[in-house]
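A.B. asks: Sharing a structure with you now.
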Amino acid sequence: MARESVLTQRSIVADDTLAVLTGQPKGSFVSYTELTRGLHSYIKSKQLRLKACVHCQSQIPGYATFCDGCGKPQ
Ligand SMILES: [Zn+2]
C-alpha cells in the first residue's frame with residue numbers, strides 16, 4: 001500500500017495544498033524553487049487589500065482605478 005517515496009531534497013510531490021499553492025497538477029513534482037515562488041505569490045494575492053467603491057461600495061482591489069461593479073473611476 002505504501003507508495004514509493006520519490007522525495008528528494010530538491011523536489012516534492014504536490015498534494016492538494018501544494019497544487020493550489022504552485023498552480024501545478026496534484027501529484028506532479030514541484031521543486032522547492034517553484035514551491036517558494038508559488039507560496040510567495042499565493043501569500044501576496046491573499047494579502048491584497050480590498051477597498052470599497054466610492055460610488056457603489058463594491059469590494060474591489062486596492063489598486064483598482066475603476067470599479068468592477070459600476071465601472072466608475074475611483
Ligand atoms: Zn462601484
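A.B. asks: Give all pairs with beta carbons closer than 6 Å in which a residue from the range 53-74 that is hydroxyl-bearing (Ser, Thr, Tyr) meets a residue that is within 6 Å of the ligand (Cβ to nearest atom); count only pairs at least 6 apart in sequence or on separate chains.
C.D. replies: Between residues of the range 53-74 that are hydroxyl-bearing (Ser, Thr, Tyr) and residues that are within 6 Å of the ligand (Cβ to nearest atom), the close pairs are Ser58/Cys67; Ser58/Gly69.
A.B. asks: Is it fair to say Asp68 is acidic (Asp, Glu) and surrounded by 11 or more Cβ atoms within 10 Å (Cβ to Cβ)?
C.D. replies: Judged against the criteria, Asp68 is a match.
Rule-based calculations on the coordinates, nothing more; no lab input. Keep in mind that what you see is a predicted model, and the values were worked out from it rather than measured. Please note: Cβ atoms are built from the backbone with ideal geometry, for glycine as well, and neighbour counts cover all protein chains shown.
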